[in-house]
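Q: The structure's right below; bear with me while I get my questions together.
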C-alpha cells in the first residue's frame, strides 16, 4: 500500500490537481489543431500597390469552384489569368508559382495572419489577412519584388 508521503502518490496528486485546475490548457491546444482553416476567396493588395505591381489585381483561391469568384490563379487588371503551377495553402505557409504567360510569371511566399473559415468571418477591406513576398518574372528574370499585405474578398 502507498502512503500519503510516498513520492509516487505525491506525483499522482500533483498531476490530478493540475489537471483539475487547468483543464482548458490541454483543450485549447487540441482545439487549435481541430479548428478548420479555409481561406477560399480572393486576396487584393492592401492599400496602394507599388508601381511595379499596379496591374496586379488579385490572388484567387477558389478550390470549391464557386461561381461567385474568379477561377483559381492570379488576375491582372488588364491581361491574362495566370494559373497556379504549384500551390501550398496552410495557415502558416502560403506559397505559389504561376505558369508563364507571354514570358511573365509570378511567385509568392507568405503566411495568413488569421485562421478560421474566411467566408464565414466578418472580414473587411481595411484589415489585412495575408502577408508575404510577391515576385514577378519576365523571361525567367526577376523584374519586381515587394513585401505586401492583402485583404480578403469572399465573392458577391
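The values are calculated or read from the model by the stated rules, or taken from the named source; none is laboratory data. Predicted model only: the values in this text are computed from it and were never measured. Every residue, glycine as well, gets a Cβ built from its backbone with ideal geometry; the counts of neighbours run over all protein chains shown.
Q: Identify the single condition in (1) surrounded by 13 or more Cβ atoms within 10 Å (Cβ to Cβ); (2) without any contact (Cβ under 8 Å) to a residue 60 or more places away in the chain; (3) over 21 Å from residue 36 (Cβ atoms) that residue 149 does not satisfy, given that it satisfies every other one.
A: Tallying (1) surrounded by 13 or more Cβ atoms within 10 Å (Cβ to Cβ); (2) without any contact (Cβ under 8 Å) to a residue 60 or more places away in the chain; (3) over 21 Å from residue 36 (Cβ atoms), residue 149 fails exactly one: (2).
Q: Name the residue, out of 69, 20, 61, 12, that is modelled with pLDDT under 90 and closer than 20 Å to residue 112 by Cβ.
A: 69
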